[in-house]
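Following: one structure in structure tokens, then a few remarks.
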Amino acid sequence: MIGQFSVHEGLAGTGSENGGGGLTPPNQQLKSPGMAIREIIILPDKKLRLVSKPVEKVTAEIRKLADDMFETMYDAPGIGLAAIQVAQPLRLITMDLAKRDEEGETQPRPRVFINPEILSASEELSIYEEGCLSIPEYYEEVERPAKVRVRFIDLDGKLHEEDAEGLFATCIQHEIDHLNGVLFVDYLSKLKRDRVLKKFAKAARRAVDE
Ligand SMILES: [Zn+2]
């Protein structure tokens, strides 16, 4: 059975009750004076196609990057961000799916995934409408494995293995794709993909001209 849901890395789309982008930044207690919003790179920035390098050690610099990525992600607002989206080619992902929790959970639940790997994926597929902070205001349905087993390191350098399903499964696959230079539009038909790539290339040229 194929589930139909929607996942927007940037939730600017449907069904928002609070008028703005579906996610209000719930990050008050996460703020520390040093945190900074970084610029999110968008199509057709070539850096989005880089293969990111593994994080060798969780240093103060990596923690600072994760802090800034949360600040940037909540501000956007979005539910997931890969380091390359703030122009850092490192295998680091921030995520907070709290707003989409089945129990109606609204407390922030920031999670960091360092050097994440997909160990196995289900044959069962599910379809979500995806969006991406690096491809603003564009949403399309993408079919991916419904469940994946993921291995990653947390900010304390501890190794974890976890089963992901539902929104979490789709989001972690979308973000790991970023670490490999893959974008969700790559899963679309050539016609649709060419159309969106052309649109963003044109917008970038227009921005330069102005
Ligand atoms: Zn994305």
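The values are calculated or read from the model by the stated rules, or taken from the named source; none is laboratory data. No experiment lies behind these values; they were computed from the predicted model shown. Note that each Cβ is placed from the backbone with ideal geometry, even for glycine, and that neighbours are counted across all protein chains shown.
Computed values, structure above
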{"item": "Residue within the range 132-145 that is surrounded by 13 or more Cβ atoms within 10 Å (Cβ to Cβ), over 23 Å from Leu50 (Cα atoms) and more than 16 Å from the ligand (Cβ to nearest atom) present", "result": "yes"}
{"item": "Lone qualifier among Val7, Val51 - being under 29 Å from Arg195 (Cα atoms) and at pLDDT 95 or above", "result": "Val51"}
{"item": "Residues satisfying the stated conditions in the range 178-194, i.e. surrounded by 13 or more Cβ atoms within 10 Å (Cβ to Cβ), without any contact (Cβ under 8 Å) to a residue 12 or more places away in the chain and part of a helix (DSSP H, G or I)", "result": "Arg193"}
{"item": "Candidate set from the range 163-177 (those that are in contact with a helix residue (DSSP H, G or I) (Cβ under 9 Å, 6 or more places away or on another chain) and closer than 8 Å to Val148 by Cβ); member that is surrounded by the most Cβ atoms within 10 Å (Cβ to Cβ)", "result": "Ala164"}
{"item": "First in the range 154-169 and without any contact (Cβ under 8 Å) to a residue 60 or more places away in the chain and closer than 26 Å to Glu56 by Cβ, second anywhere and of a type in the set (A, V, I, L, M, F, W, C) and surrounded by fewer than 15 Cβ atoms within 10 Å (Cβ to Cβ), Cβ under 8 Å, 6 or more apart", "result": "Glu161/Leu119"}
{"item": "Residue ranges of strands (runs of 3 or more DSSP E) in the range 63-160 with at least 1 members among the hydroxyl-bearing types (Ser, Thr, Tyr) and at pLDDT 95 or above", "result": "92-95, 111-121, 125-132, 135-145"}
